[in-house]
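Novice: Sharing a structure with you now.
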């Protein structure tokens, strides 16, 4: 069997190194005592956080956007305003949705390094980004998580926690 030339082997190794070191932009969900779950994002990416309200048992959906390398809360959607979900003066505007549901839109509030206390498995704190999702409540109930948009070497991201 003929061996490839040394230069070709070196080029291949260099290309693999370059691919592993290449920076990628991700939403990092750092979960205490577990590690980080990573979602690839880019400018304009939409990030959704869905969960079940622990008092009213209604579904809540928060919509974020990646802008300027940061995470921004843009809207919230729920069937009605339950405890802690109502309007805050100067923070977006309330609009009606079908079936008497409500949304607060045009919030545009910086959420970078947002801290989330992950609820129990019935709360289903679920993050969705570009077709990928992770139910954090099943992965790490009752733990603290921090959400941040970061640019990291690909090798670092490959070491992240898998959420199936």
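The values are calculated or read from the model by the stated rules, or taken from the named source; none is laboratory data. This is a predicted model, so every value here is computed, not measured. For neighbour counting, all protein chains shown are included, and Cβ atoms are generated from backbone atoms with ideal geometry for every residue, glycine included.
Novice: Just for region 113-127: of the residues that are surrounded by 15 or more Cβ atoms within 10 Å (Cβ to Cβ) and within 15 Å of the chain's Cα centre (by Cα), which one is modelled with the lowest pLDDT? Break it down stepwise before answering.
Specialist: Initially, region 113-127 is screened for residues surrounded by 15 or more Cβ atoms within 10 Å (Cβ to Cβ), giving 114, 116, 118-119, 123-127.
Pick out the ones that are also within 15 Å of the chain's Cα centre (by Cα) and you get 114, 116, 118, 124-127.
Numbers: 114: 89, 116: 94, 118: 95, 124: 94, 125: 96, 126: 96, 127: 97.
Among them, the one singled out is 114.
Novice: For region 89-100, check the following and say yes or no: at least one residue is farther than 14 Å from residue 39 by Cβ and touching a residue at least 24 places away in the same chain (Cβ under 8 Å).
Specialist: Scanning region 89-100, I find no residue that is farther than 14 Å from residue 39 by Cβ and touching a residue at least 24 places away in the same chain (Cβ under 8 Å), so the answer is no.
Novice: Could I ask something else about it? Residue 76 - would you say it is surrounded by 16 or more Cβ atoms within 10 Å (Cβ to Cβ), within 15 Å of residue 114 (Cβ to Cβ), under 18 Å from the mean Cα position of the chain (by Cα) and modelled with pLDDT under 95?
Specialist: In short, yes.
Novice: Among the residues that make up region 128-151, is at least one of them surrounded by 14 or more Cβ atoms within 10 Å (Cβ to Cβ), in contact (Cβ under 8 Å) with a residue 24 or more places away in the chain, within 13 Å of residue 38 (Cα to Cα) and more than 12 Å from the chain's Cα centre (by Cα)?
Specialist: no
Novice: Additional query: How do the strands (runs of 3 or more DSSP E) wholly within region 64-164 filter down when requiring 1 or more residues that are farther than 20 Å from residue 31 by Cα: which remain?
Specialist: Fully inside region 64-164 and qualifying: 70-78, 93-96, 102-105.
Novice: Among the residues of region 2-50 satisfying the criterion of being assigned to a loop (DSSP other than H, G, I, E, B) and at positive phi, which is modelled with the highest pLDDT? Talk me through it step by step, then tell me what you get.
Specialist: From region 2-50, those assigned to a loop (DSSP other than H, G, I, E, B) are 2-5, 22, 32-34, 41-45; that's our starting set.
Those still in the list that are at positive phi too: 33, 44.
Working: 33: 93, 44: 96.
Per the stated criteria, the residue is 44.
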